[in-house]
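A short write-up of the structure that comes next.
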Amino acid sequence: MQASIAFLADYRTQNFVRKVVLDLHRKYSIRFFASLLPAHVSLKQPFEFEDLEKLENYFNYLAAEINPVEIELDKFYHSLWGDFGILALNVKRISKLRKLHYQIDKELNKLFKDPSSPYDGENIIFT
């Protein structure tokens, strides 16, 4: 099985992103899929895990341990993911996100055989 860990955007940000994508689609017939995933900031890219209950317990622990984090977004960018267009807001790198990513990596390595992903450590991309 695979899972990812992310902060989900608030409703205001989510609706803003969907409106921009819908406007672009109406104007340029671009096939963005705004509802494929909710607007989010990835903290851990997809990783393999063996035990769902263990992962759920970890999510509960993590949610209780972290404080709210203000995330600054500064510009749009786009890329492709297979046949899908991705429109995203750039996250200004903040040390709290990087520190949290390293904490998650360290803790997941204690719980699962190989929770690594290509974007761990210095390669993390906050989108």
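Which of the residues that make up the range 55-69 are among the β-branched types (Val, Ile, Thr) and out of contact with any strand residue (DSSP E or B) (no Cβ under 8 Å at 6 or more places or on another chain)? Can you show your working first?
The first filter runs over the range 55-69 and keeps only residues among the β-branched types (Val, Ile, Thr), leaving 66, 69.
Answer for the range 55-69, where residues must be among the β-branched types (Val, Ile, Thr) and out of contact with any strand residue (DSSP E or B) (no Cβ under 8 Å at 6 or more places or on another chain): just 66.
When the residues of the range 69-86 are filtered to those that are assigned to a loop (DSSP other than H, G, I, E, B) and surrounded by 11 or more Cβ atoms within 10 Å (Cβ to Cβ), which remaining residue is nearest to the chain's Cα centre (by Cα)?
Of the residues in the range 69-86, the ones assigned to a loop (DSSP other than H, G, I, E, B) are 69-72, 82-83.
Then keep just the ones that are surrounded by 11 or more Cβ atoms within 10 Å (Cβ to Cβ); that gives 69, 71.
On the way: 69: 14, 71: 12 Å.
Here the answer is 71.
Considering the range 87-99 alone, what residues qualify as being in a loop (DSSP other than H, G, I, E, B) and not basic (Lys, Arg)? Show your work before the answer.
Applying the first criterion (in a loop (DSSP other than H, G, I, E, B)) to the range 87-99 yields 92-94.
94, the sole residue that qualifies.
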(message) I need the full set of residues from the range 111-125 which are more than 17 Å from residue 1 (Cα to Cα) and either over 15 Å from the mean Cα position of the chain (by Cα) or not aliphatic (A, V, I, L, M) (or both), in order please.
(response) 119, 120, 121, 122, 123
(request) Kindly indicate whether any position in the range 5-18 is at pLDDT below 90, of a type in the set (D, E, K, R) and either in a helix (DSSP H, G or I) or surrounded by 14 or more Cβ atoms within 10 Å (Cβ to Cβ) (or both). (result) yes
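Scan the range 95-120 for residues that are out of contact with any Pro (no Cβ under 7 Å at 6 or more places or on another chain), more than 29 Å from residue 22 (Cβ to Cβ) and in contact (Cβ under 8 Å) with a residue 12 or more places away in the chain and report the count. Let's see the steps before the verdict.
First, pick out the residues of the range 95-120 that are out of contact with any Pro (no Cβ under 7 Å at 6 or more places or on another chain): 95-107, 110-116, 118-120.
Applying the additional criterion that residues be more than 29 Å from residue 22 (Cβ to Cβ) yields 95-96, 98-107, 110-116, 118, 120.
Narrowing further to those that are in contact (Cβ under 8 Å) with a residue 12 or more places away in the chain: 96, 98, 100-102, 104-105, 107, 111-116, 118, 120.
Residues that pass the stated criteria total 16.
Looking only at the range 39-47, decide whether some residue is at pLDDT 85 or above, part of a helix (DSSP H, G or I) and either of a type in the set (Lys, Arg) or loosely packed, with under 11 Cβ neighbours inside 10 Å (or both).
At the first step, the residues of the range 39-47 found to be at pLDDT 85 or above are 39-47.
Add one more test, that the residue is part of a helix (DSSP H, G or I), and what stays is none.
Looking through the range 39-47, none of the residues is at pLDDT 85 or above, part of a helix (DSSP H, G or I) and either of a type in the set (Lys, Arg) or loosely packed, with under 11 Cβ neighbours inside 10 Å (or both).
Can you name the residue in the range 19-38 that is outside any loop (DSSP other than H, G, I, E, B) and aromatic (Phe, Trp, Tyr) and, of all such residues, is farthest from the chain's Cα centre (by Cα)? Break it down stepwise before answering.
Our first condition is that a residue be outside any loop (DSSP other than H, G, I, E, B); within the range 19-38, this holds for 19-28, 32.
Then keep just the ones that are aromatic (Phe, Trp, Tyr); that gives 28, 32.
Details: 28: 27, 32: 18 Å.
Applying the filter and picking the extreme gives 28.
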(request) Could you list all residues from the range 45-66 that are free of Cβ contacts under 8 Å to residues at least 40 places away in the same chain and over 17 Å from the mean Cα position of the chain (by Cα)? (result) 53, 56, 57, 60, 61, 64, 65
(request) Being under 17 Å from residue 105 (Cα atoms) and small (Gly, Ala, Ser) narrows it down to one of 88, 9, 3, so name that one. (result) 3
(request) Report, by residue number, each residue of the range 104-115 that is surrounded by 16 or more Cβ atoms within 10 Å (Cβ to Cβ) and outside any helix (DSSP H, G or I). (result) 112, 115
(request) Among the numbered conditions (1) buried (at least 16 other Cβ atoms within 10 Å of the Cβ); (2) more than 17 Å from residue 124 (Cα to Cα), tell me where residue 101 comes up short. (result) (2)
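The values are calculated or read from the model by the stated rules, or taken from the named source; none is laboratory data. Note that the structure is predicted; figures quoted are calculated from it, not measured. As a convention, Cβ positions derive from the backbone with ideal geometry for all residues, glycine included, and neighbour counts pool all protein chains shown.
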